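The values are calculated or read from the model by the stated rules, or taken from the named source; none is laboratory data. Since we're looking at a predicted model, the values are computed, not measured. Every residue, glycine as well, gets a Cβ built from its backbone with ideal geometry; the counts of neighbours run over all protein chains shown.
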Amino acid sequence: MASKDGRGPSIWDVFVQKPGIIPNNATGEVSVDQYHRYKEDVDLMVKLNFDAYRFSISWSRIFPDGVGKVNWKGVAYYDRLINYLLKKGITPYANLYHYDLPEALDKQYGGLLNRKVVDAYADFADFCFKMFGDRVKNWMTFNEPGVVADLGYDNGFFAPGRCSNPYGKTGSCTEGDSTREPYIVTHNLILCHAAAVQRYREKYQATQKGRIGILLDFIWYEPLTNSKADLQAAQRSREFHVGWYLHPLVYGEYPKSMQEIVGDRLPKFTESEMKMVKGSIDFVGINQYTTKYASHPKIIRKIGDYESDWHAQLSYFRNGVPIGPRAHSDWLYMVPWGLYKALTYIKESYGNPTVILSENGMDDPGNVTLSQGLHDTTRVGFYKSYIHQLKKAIDEGANVIGYFAWSLVDNFEWRSGYTSRFGLVYVDYKDLKRYPKMSAYWFRDMLRRKNNN
């Protein structure tokens, strides 16, 4: 229940109220109501042999205005959830931000565009470490911060919907600057992350004995041809995508390709910020779904938005042939070998960091019937083939220590609303009853065999 028990609105609560933004003008107000049904969902995890659950703590449920007054009913909810997970033998993995900036901070000073957000976020994170860190030993600062910066401030497709013409994805842009704001937002997000990690390491880690990381989405970019220009376009794409965050977190600076192309539009870290940022991950979470071809573009803009700064033409097709079969979403082509290549790239480019595969899955249409939804043979095939490639990467030395399927249950999928079902468990949105799909039972049996071995 989004606004239940004193939670303040986030930028997404405001964004979805705009007519036509979400199919059927749906909102996430009730979604799958885990707020009241968390015990049922945890019990399902136990039945399916899962041993870890990744969830997000809503900033505005803890601090309705982003700062200041604490909503103790919100704190009590997360206490109940964490305690029940532990009681049932499920390890909690807590993420501190999933696209949902408190609306109050966006209104007050422009939210993520303002450096003030760094202290506000660090204070929120500090409070969570203090309240929950005796039981939560795995922390993630942000989920897909690159999506926040790109879709929120370049093409305007996600909240808060900022962009500048001609870069908007959904019609005319009314406010924003697609050539600069994505870079400012990412810079502030990296500083938010590093400030929170600094608090954790200085105040809590020694006694709580936990670890802290960040979750980054990573599409694999395969060169369209073996030409030098296409090979370079694919590498630039990797650097502009995952390297935008991972390069500073490992090496203390943005990739050289970004520095050269973006120039003075790319903010710079001070010496002290560089020290705080570099090495500020105990692990990195990778959300990996799909793969695209990258090629050298026919036209290069002198000053473009973040997406055109890549100097790459991206496509799911080569000579009219798709890179893999498509799931329901138009961005999700199923390419298992891309997961192997993505994990191998991170191993080789970033010193083989500890990796958790923090999201992986595929979707069916939202309007599939219960009987159709339960017989999800395509999803079973997806997981079999992707996990096979995951094992191959691990066998070759990739330091991957965990895996999360996206997602446990069907849910509200951002701009897709309820028209996309990623769950291992089917949700009937009329009464919110849960029905495990064939893929859920496939995981149950696979994990049972693993545990028996």
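Scan segment 145-182 for residues that are among the hydroxyl-bearing types (Ser, Thr, Tyr) and buried (at least 23 other Cβ atoms within 10 Å of the Cβ) and the total you get is 2. Taking the conditions (1) surrounded by 17 or more Cβ atoms within 10 Å (Cβ to Cβ); (2) closer than 20 Å to TYR289 by Cα in turn, PRO436 satisfies each one other than (2). Taking the condition of being surrounded by 15 or more Cβ atoms within 10 Å (Cβ to Cβ) and either aliphatic (A, V, I, L, M) or in contact with a Lys or Arg (Cβ under 8 Å, 6 or more places away or on another chain) (or both), how many residues in segment 79-108 meet it? Residues in segment 79-108 being surrounded by 15 or more Cβ atoms within 10 Å (Cβ to Cβ) and either aliphatic (A, V, I, L, M) or in contact with a Lys or Arg (Cβ under 8 Å, 6 or more places away or on another chain) (or both): 14 in total. Taking segment 257-280 as the range and being assigned to a loop (DSSP other than H, G, I, E, B), surrounded by 11 or more Cβ atoms within 10 Å (Cβ to Cβ) and not small (Gly, Ala, Ser) as the test, the residues that pass are LEU266, PRO267, LYS268, PHE269, LYS278. Total residues in segment 352-386 satisfying the condition of being closer than 15 Å to PHE422 by Cα and either assigned to a loop (DSSP other than H, G, I, E, B) or in contact with a Pro (Cβ under 6 Å, 6 or more places away or on another chain) (or both): the figure is 10. Out of all the residues in segment 275-294, is one or more free of Cβ contacts under 8 Å to residues at least 24 places away in the same chain and of a type in the set (Val, Ile, Thr)? Looking for residues that are free of Cβ contacts under 8 Å to residues at least 24 places away in the same chain and of a type in the set (Val, Ile, Thr), one finds none in segment 275-294, hence no.
Being out of contact with any strand residue (DSSP E or B) (no Cβ under 6 Å at 6 or more places or on another chain), part of a loop (DSSP other than H, G, I, E, B), over 23 Å from GLU359 (Cβ atoms) and at pLDDT 95 or above is a property that ASP134 has. Just one of the listed residues (TYR221, TYR289) is touching a Ser or Thr at 6+ places or on another chain (Cβ under 6 Å) and not in a helix (DSSP H, G or I), namely TYR221.
Conditions (1) of a type in the set (Phe, Trp, Tyr); (2) closer than 24 Å to ASP43 by Cβ; (3) modelled with pLDDT of 95 or more, marked per residue:
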| position | (1), (2), (3) |
| --- | --- |
| LEU374 | no, yes, yes |
| GLN389 | no, no, yes |
| ILE401 | no, no, yes |
| TRP414 | yes, no, yes |
| GLY423 | no, yes, yes |
| ARG434 | no, yes, yes |
| ARG449 | no, yes, no |
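Here's the yes/no breakdown for (1) in a helix (DSSP H, G or I); (2) among the small types (Gly, Ala, Ser):
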position	(1), (2)
PHE157	no, no
PRO160	no, no
GLY168	no, yes
CYS192	yes, no
GLN198	yes, no
